[in-house]
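Written out below as structure tokens is the structure these notes cover.
The values are calculated or read from the model by the stated rules, or taken from the named source; none is laboratory data. Computed from a predicted structure; not experimentally measured. Neighbour counts run over all protein chains shown; Cβ positions are idealised from the backbone, glycine included.
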Amino acid sequence: MKKFFAILMATLTLSFAGVAFADEKPADAPAVTAAAAPAADAAAPAAAPVPDKGDTAWLLICTALVILMSIPGLALFYGGLVRSKNMLSVLMQVFTVFSLISVLWVVYGYSVAFTEGNAFFGSLDKLFLKGMDASSITATFSKGVVIPELGFVAFQGAFAAITVGLILGAFAERIKFSAVLLFAILWFTFSYLPMAHMVWYWAGPDAYTTADAAAAAGATAGWLFQHGALDYAGGTVVHINAAVAGLVGAWVVGKRLGYGKDSFAPHSLTFTMVGASLLWFGWFGFNAGSGLEASGGAALAFANTWIATAGATLSWIIAEWLFKGKPSMLGAASGAVAGLVAITPAAGFVGISGALIIGLVAGVVCLWAVNGLKKLLGADDSLDVFGVHGVGGIIGALLTGVFAAPELGGVGIYDYVANAVAPDYDIVGQVMIQATGVGVTIVWSAVVAFISYKLVDMFVGLRVAEDEEREGLDITSHGESAYHS
């Protein structure tokens, strides 16, 4: 155990050093740019604006909802899907990883993701939230409108924590607890943080005053933001990013003992249904909160999250009914999560009809993914992380480029220089930009995940012993049982 904690400290030291490199900034950033996420250090006007109490209250409520998604939402959803002998281990992993990432977010994560650095990493200027207090403010997506920066820190920290937690379902029931923690540190540092910076970091709307000022401000943004990628609440940063890491983990860690021979049926679909319901409830904070203001945009994201999820639930169980003969509770819960995932990148960009179509498509395609595609990939992705979050995220990211078009009910791309929606929206061009974002996320996450798993295996090992896996991780890893007869 002393060796393990020594490894953790060494990893953190390397993490601080690894994010400090500089990169040349492009000189041709577009003047018309899509809203993604506010900068932590956006330039303030001469008379600093005061946060609106309604926006502040909404942000804090949404932050609490995102935390509810993880603990207990994700924990119960995943816990119900494993065998009873591993229920407690899943709860423990989700609970502890959420706590671990929350601490790392405050120590260096927020600084790396949401301060100006280069196109891939921020700086280390706000380690331990240096210089921040209750009076600190940060930008939203409206000129002259701000929110408390500490609220934004907590909101984005909850995003980071649940993202790492999503990965756990891919290799459930056979991984060491120490391996989970060490992998979480490595992947969070070198995959989540740069992806968050690439997609969501920008100088804030108040910097976009003229074409020249917009070009200068755009040059300081994250790489994918500069290229116009749209991701309202985390289709690439959260879902595809985590799902690819999970898929790589399923391959590297290997299949569970008895996979394909023994029964791996969920031990409690009751817990899974409760978990899925908490996820749906909490997801309103996840998506509707990402606009950072209590506004009509938040209402749009809220309504889109509601209807897309309902559509995906229905399309999944109807397809399951047609092809398997019976609709299942597992299918309904899985369909709901698929809809939530797919609408995430599109939530504030598309209209209601677009959201419904995205949900309907996601339900059917993700059903195929957890059955047909999973067999083609040959991975024991225990809880179908890639089939639901990866495929659902890809569907949502690509279709955002289609249904964000104003002629299809979307909001288009806002020109902060003209203070109006840009007149020309190129669906094909935007879909290509979205595909670029998907591709970059897949490659980046896969490479970081593979290296991280190999390092973890080298230092502490990935899998528990066979006899421990047979007995169950509740007893062998934690000395406790979820149930007592």
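Among the residues of the range 195-213, those that are more than 30 Å from residue 243 (Cα to Cα) and assigned to a loop (DSSP other than H, G, I, E, B) comprise 208, 209, 210.
Here residue 346 does not fit the description of being buried (at least 24 other Cβ atoms within 10 Å of the Cβ), in contact with a Leu (Cβ under 8 Å, 6 or more places away or on another chain), under 25 Å from residue 268 (Cα atoms) and of a type in the set (A, V, I, L, M). If we scan the range 65-77, do we find a residue that is modelled with pLDDT of 95 or more, aromatic (Phe, Trp, Tyr) and out of contact with any Ser or Thr (no Cβ under 7 Å at 6 or more places or on another chain)? Looking through the range 65-77, none of the residues is modelled with pLDDT of 95 or more, aromatic (Phe, Trp, Tyr) and out of contact with any Ser or Thr (no Cβ under 7 Å at 6 or more places or on another chain).
Which helices (runs of 4 or more DSSP H) sit wholly inside the range 385-471 and have at least 1 residues that are of a type in the set (Gly, Ala, Ser) and either within 25 Å of residue 197 (Cα to Cα) or out of contact with any Asp or Glu (no Cβ under 9 Å at 6 or more places or on another chain) (or both)?
Because the criterion is at least 1 residues that are of a type in the set (Gly, Ala, Ser) and either within 25 Å of residue 197 (Cα to Cα) or out of contact with any Asp or Glu (no Cβ under 9 Å at 6 or more places or on another chain) (or both), the helices (runs of 4 or more DSSP H) in the range 385-471 that meet it are 391-403, 427-459.
In a residue-by-residue description of the range 468-476, the property of being in contact with a strand residue (DSSP E or B) (Cβ under 7 Å, 6 or more places away or on another chain) and more than 28 Å from residue 231 (Cα to Cα) applies to no position. Any residue at all in the range 140-160 that's hydroxyl-bearing (Ser, Thr, Tyr) and part of a helix (DSSP H, G or I)? Among the residues of the range 140-160, not one is hydroxyl-bearing (Ser, Thr, Tyr) and part of a helix (DSSP H, G or I), which makes the answer no. Residues in the range 211-253 that are over 30 Å from residue 175 (Cα atoms), surrounded by fewer than 24 Cβ atoms within 10 Å (Cβ to Cβ), among the aliphatic types (A, V, I, L, M) and touching a helix residue (DSSP H, G or I) at 6+ places or on another chain (Cβ under 9 Å): 213, 214, 216, 219. Comparison of 191, 142 shows that the only residue that is among the polar types (S, T, N, Q), in contact (Cβ under 8 Å) with a residue 12 or more places away in the chain and farther than 30 Å from residue 469 by Cβ is 142.
Residue-level check: of (1) farther than 12 Å from residue 193 by Cβ; (2) touching a helix residue (DSSP H, G or I) at 6+ places or on another chain (Cβ under 6 Å), residue 120 misses just (1).
For the range 218-268, the set of residues classified as farther than 25 Å from residue 141 by Cα, out of contact with any Leu (no Cβ under 6 Å at 6 or more places or on another chain) and not in a loop (DSSP other than H, G, I, E, B) consists of 243, 244, 245, 246, 247, 248, 249, 250, 251, 252, listed by residue number. Within the range 78-122, the set of residues being among the basic types (Lys, Arg) and either at pLDDT below 95 or not in a loop (DSSP other than H, G, I, E, B) (or both) comprises just one member, 85.
Results for (1) surrounded by fewer than 24 Cβ atoms within 10 Å (Cβ to Cβ); (2) in contact with a strand residue (DSSP E or B) (Cβ under 7 Å, 6 or more places away or on another chain); (3) within 29 Å of residue 415 (Cα to Cα), shown as yes or no for each residue.
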| position | (1), (2), (3) |
| --- | --- |
| 143 | yes, no, yes |
| 146 | no, yes, yes |
| 152 | no, yes, yes |
| 162 | no, no, no |
| 195 | no, no, yes |
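A count restricted to the range 365-409 and to residues that are free of Cβ contacts under 8 Å to residues at least 40 places away in the same chain, under 18 Å from the mean Cα position of the chain (by Cα) and surrounded by fewer than 23 Cβ atoms within 10 Å (Cβ to Cβ) stands at 0. With respect to being without any contact (Cβ under 8 Å) to a residue 60 or more places away in the chain and under 21 Å from residue 93 (Cβ atoms), residue 157 fits the description.
From the set of residues in the range 410-432 that are surrounded by 15 or more Cβ atoms within 10 Å (Cβ to Cβ) and of a type in the set (Gly, Ala, Ser), which is farthest from residue 218 (Cα to Cα)? The extreme case among them is 410. All conditions in (1) touching a Leu at 6+ places or on another chain (Cβ under 9 Å); (2) on the phi > 0 side of the Ramachandran plot; (3) of a type outside the set (A, V, I, L, M) hold for residue 479, with the sole exception of (1).
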